[in-house]
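Enquirer: Below you'll find the structure I mean.
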Amino acid sequence: MISCRLSTILGAKRIKVSDVCRGTGIARATLDRYYNDKVSSFDREVLSKLCDFLHVTPGEILVMSDQGDLFSAAIPSGKESS
């Protein structure tokens, strides 16, 4: 799963979402979705503007989060197979 770390980056740099809106021209609603990690698809233009404004790479904003093996069923305790 890909996670958006915009809130972490803004917090570390002490930058407000409203400052990013003014500096990039990105709509507040769009930035709120990125900030709250509620983005279902990532727009290259938005990512480019964010990277330029924040002086980061896309890999610093978007990170892969490990979900473990989603296809293996949990084996109840005490009932392990050999």
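The values are calculated or read from the model by the stated rules, or taken from the named source; none is laboratory data. Everything numeric here is computed off the predicted structure, so don't read it as measured data. For neighbour counting, all protein chains shown are included, and Cβ atoms are generated from backbone atoms with ideal geometry for every residue, glycine included. Calculation scope for accessible area: heavy atoms of the full protein, side chains included, ligands and nucleic acids excluded. Shrake-Rupley method; radii C 1.70, N 1.55, O 1.52, S 1.80 Å.
Enquirer: For residues that are open to solvent by 70 Å² or more (accessible area, probe 1.4 Å) and at pLDDT 60 or above, tally how many sit in segment 59-82.
Expert: Residues flagged as open to solvent by 70 Å² or more (accessible area, probe 1.4 Å) and at pLDDT 60 or above within segment 59-82 amount to 4.
Enquirer: For segment 49-63, name all the residues that are in contact with a helix residue (DSSP H, G or I) (Cβ under 8 Å, 6 or more places away or on another chain), under 23 Å from residue 1 (Cβ atoms) and part of a helix (DSSP H, G or I).
Expert: 50, 51, 54, 58, 60, 61
Enquirer: So, restricting to helices (runs of 4 or more DSSP H) that lie completely within segment 1-42, which ones have at least 1 residues that are open to solvent by 30 Å² or more (accessible area, probe 1.4 Å) and more than 20 Å from residue 55 (Cβ to Cβ)?
Expert: Working: elements: 6-13, 17-24, 28-35.
Helices (runs of 4 or more DSSP H) meeting the threshold: 28-35.
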